[in-house]
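Structure record follows, encoded as structure tokens.
The values are calculated or read from the model by the stated rules, or taken from the named source; none is laboratory data. From a predicted model like this one, the values you see are computed outputs, not experimental measurements. Using ideal geometry, Cβ is built from the backbone for each residue, glycine included, and neighbour counts are taken over all protein chains shown.
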Amino acid sequence: MKKLSTIIALMALLVTMAQCKKEEQPSPSSEDKGVAITLNIKGNNGSRMDVNTSTGEVEYENGDVVYVASGGKYVGTLTHNGTNFGGTITDPTVGEPLHFYFLGNVTPTETLTQGVTTSCSVVISDQTEELPVIEYAPSNETYTGGVTAFTAMLLNKCALVKFDVTTSSNAATCITGMNNKVTVNFAENTLTPSQEGTGLIKLGEGSGERWAILLPQDAVEECDAFSEDGAYTGTCASIPAITENAYLTAGIEVNVTIEVSAIPVGAINGKFTINANGDQVYFSQGNLQYIGSAATPYWKFAENQWDYFGTSTGQNSSDPNVDRDLFGFGTSGWNNGNYYYQPYDTDQTNLWEEPYEYVADGYGPIAGTDYHFVYSLTGTYANADWGVYNAISNGGNMSGLWRTLTFDEWSYLFYDRTTPSGIRYAHAVVNGHSGIVLLPDDWSTSVYELNETNEFEGQYNINTISLEDWVNMEINGAVFLPVAGRREGTIVQDVGYEGNYWTSTCDSEIATCILFWNYDSEEDYVGPYIDPGYCHYGFSVRLVQDIEP
């Protein structure tokens, strides 16, 4: 790992090294197919030090790996032994220099085959433990059958940048919009930077002086920043252009301020009051999804507010290894001491279910039955709430950040909330999908004028909203609940016609949900209302995050 005792920032400098005129060389013999070589790098003393801002030199430590290319192909790796690099390469090309790449000890995303692979790439997003310096140089020597010792000075293809981070979170700070991927072309001996995903670079945890490696890129006037726990977001100041074949000796210092009470990761930028006390929440960016098809299943929010799976993923089955967004009540995967309630459970005997009767702190089975207790997903049973128990990958990736609204909170939000505009919700078709639009407390009619708002009965197509208009509405905090259907056992039905969303509350008889549908005709569109739901039915889940006062 780079020792970062001084403020330095160094950009890639690819120096064309003096080469002797190539002479005719004999073809390699069969014994040249596998060649044991060593690489000595000028100034190497077996330990890393700060980058030399005059020469671009970096020193190495035991275990570092250098990739070797020859004849336009990957031919092997060399490993540092505390003194120099050594290893066996395959069938190098006679009469040409070898090409050496240090890729920050990050494993390439592709499988490399000696004598075959012509390119590879590495993503340097995670920099919480080590700083992945990217370097390249050709050897000073050309390869012949008798040459096994090579020298080179690997020079940086990146910049070392110091960020001053201010945050109340102990989590890692993430910045986006950076080039975070390098593609190595062994045929051309080039390194091309680009963005993978959102261009994420993850710095060390907490506040203070944090270092990062940045790849060549245009100047960034302002970039987004957030804490990995999803609690805080902010911006970082401008970053100057990092130019190919140049290095910076003045250093780059960037201030990153993570503001308290900013928009959480994965949330819609709109505040919604949920009770008479004035408590507010943010809604998640989309319905909850369980990605059971992944090698390691995980939870995420839908990318768009109108997204739902229907039967496209096979959730109309009891197969645990499919993607789902219709869940039985309280199926977070938590073990309550007696049972695991899994997101793929479809059998009512495996879920919180009737028959039941009132007991002191919830609802329990009638004497002599085998059914399980039914409790609200709060208090002692809060972990049965999907957002409380699980880390949401694109929602801060930590458990305990999100939760499901209660019966009373959903009811207040739809029917009792007072807003300056007087608007709480409306039926709509958004980008071709029917559902309910919820408007934030500070909604302004100047953003978009909706028809027949706060109407229990109404037609969805009374408000047909284009994608362009919706993008602007969403920026201003609008939330959309699509009619994603429901699941009864393994039968998924009424997709595109009916919306069912769990509350966290068990009411007088059974768990409760909000329900809206458009079954019969244009004249029979019914607005949202609170309704009992059988616990083993699969309904949609839309999570919220509490706003700290």
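Between Thr503, Thr512, the distinction of being touching a helix residue (DSSP H, G or I) at 6+ places or on another chain (Cβ under 7 Å), crowded, with 23+ Cβ neighbours inside 10 Å and at pLDDT 90 or above belongs to Thr503 only. Tally the residues that are of a type in the set (Gly, Ala, Ser), buried (at least 21 other Cβ atoms within 10 Å of the Cβ) and either outside the structural domain of Lys73 (by TED's automatic domain parsing) or within 16 Å of the chain's Cα centre (by Cα) (or both), restricting the search to the range 172-216. Looking only at that region, the number is 0. Given the structure, is Trp410 in a helix (DSSP H, G or I) and either among the basic types (Lys, Arg) or under 31 Å from the mean Cα position of the chain (by Cα) (or both)? Spelling it out, Trp410 is indeed in a helix (DSSP H, G or I) and either among the basic types (Lys, Arg) or under 31 Å from the mean Cα position of the chain (by Cα) (or both).
For Tyr282, are the conditions met, namely being crowded, with 22+ Cβ neighbours inside 10 Å and closer than 26 Å to Arg424 by Cβ? Against the criterion (crowded, with 22+ Cβ neighbours inside 10 Å and closer than 26 Å to Arg424 by Cβ), Tyr282 qualifies.
Tell me, which residue of the range 134-160 that is buried (at least 23 other Cβ atoms within 10 Å of the Cβ) and charged (D, E, K, R) is nearest to Pro92 (Cα to Cα)? Applying the filter and picking the extreme gives Glu135. Restricted to the range 443-468, and to residues there that are surrounded by 15 or more Cβ atoms within 10 Å (Cβ to Cβ) and either among the hydrophobic types (A, V, I, L, M, F, W, C) or assigned to a helix (DSSP H, G or I) (or both), the residue that is farthest from the chain's Cα centre (by Cα) is Ile462. Residues that are out of contact with any Phe, Trp or Tyr (no Cβ under 6 Å at 6 or more places or on another chain) and without any contact (Cβ under 8 Å) to a residue 24 or more places away in the chain number at least 1 in the following strands (runs of 3 or more DSSP E) confined to the range 154-241: 190-194, 233-236. Of the listed requirements (1) over 22 Å from Ile239 (Cβ atoms); (2) in contact with a Ser or Thr (Cβ under 8 Å, 6 or more places away or on another chain); (3) surrounded by fewer than 17 Cβ atoms within 10 Å (Cβ to Cβ), Thr166 misses just one: (1).
A count restricted to the range 269-300 and to residues that are more than 15 Å from Tyr501 (Cβ to Cβ) and more than 14 Å from the chain's Cα centre (by Cα) stands at 18. For Gly387, state whether it is small (Gly, Ala, Ser) and at pLDDT 85 or above. Yes.
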